[in-house]
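Written below as structure tokens is the structure these notes are about.
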Amino acid sequence: MVWKHIFWNDEFVCTNKDNWADVLAEKIFMDIQFNICCMIEDWDEWPRLDGIWDLRLKHIFLEIFEFVKEGASDGASGGTNSPRINSMIILNEKQPQIVMTMFDDKEKPILKIPESCDDIQFFGDISHMI
């Protein structure tokens, strides 16, 4: 198996496992989940779950998984060969949501516009922050 790699929020993540998309998404998700728990600071409602997934964040994992499948590169790794994805967490009525932007090798964002009406409204609300 070849090495698959990606930069996520300037952190280099890589694997050489056959189930590379799962492994990369899991590594990224665990970091995102920890950041969500720290951001909310309500330890009764959102406890830090070291090594255990919070099922309320399944939607975030699935979004990360799709970006990883689309964005991961293989072969030699490096600054120009590894895609860059930046993400941020926002709270939408106390429910964490993730916003992601993929960059090309010239650091220009590759934005994906959602198709559903609800997603378009949400995208419009946060697009000025990217």
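Restricted to the range 32-58, and to residues there that are exposed (fewer than 14 other Cβ atoms within 10 Å of the Cβ) and among the acidic types (Asp, Glu), the residue that is farthest from residue 95 (Cα to Cα) is 50. The residue that is surrounded by the most Cβ atoms within 10 Å (Cβ to Cβ), counting only those in the range 72-87 that are closer than 10 Å to residue 5 by Cβ and modelled with pLDDT under 80, is 82. A single member of 102, 39 is of a type outside the set (Lys, Arg), within 18 Å of residue 8 (Cα to Cα) and at pLDDT 65 or above, and it is 102. Of all the residues that make up the range 13-31, how many are under 15 Å from the mean Cα position of the chain (by Cα) and surrounded by fewer than 20 Cβ atoms within 10 Å (Cβ to Cβ)? Total meeting the criteria: 8.
Within the range 49-70, residues that are under 26 Å from residue 82 (Cβ atoms) and charged (D, E, K, R) sit with their Cβ atoms under 7 Å from residues that are modelled with pLDDT of 90 or more and surrounded by 12 or more Cβ atoms within 10 Å (Cβ to Cβ), at 6+ positions apart or across chains, in these pairs: 69/21.
Cβ-Cβ distances below 7 Å connect the following pairs, each with a first residue in the range 8-35 that is closer than 14 Å to residue 51 by Cβ and without any contact (Cβ under 8 Å) to a residue 40 or more places away in the chain, a second residue that is among the aromatic types (Phe, Trp, Tyr) and assigned to a helix (DSSP H, G or I), and a separation of six or more residues or different chains: 29/61. Confirm whether residue 10 is surrounded by fewer than 17 Cβ atoms within 10 Å (Cβ to Cβ) and farther than 13 Å from residue 87 by Cα. For residue 10, the condition - surrounded by fewer than 17 Cβ atoms within 10 Å (Cβ to Cβ) and farther than 13 Å from residue 87 by Cα - is not met.
The values are calculated or read from the model by the stated rules, or taken from the named source; none is laboratory data. Because the structure is a prediction, the values reported are computed rather than measured. Methodologically, a virtual Cβ is constructed for each residue, glycine included, from the backbone with ideal geometry; neighbour enumeration extends over all protein chains shown.
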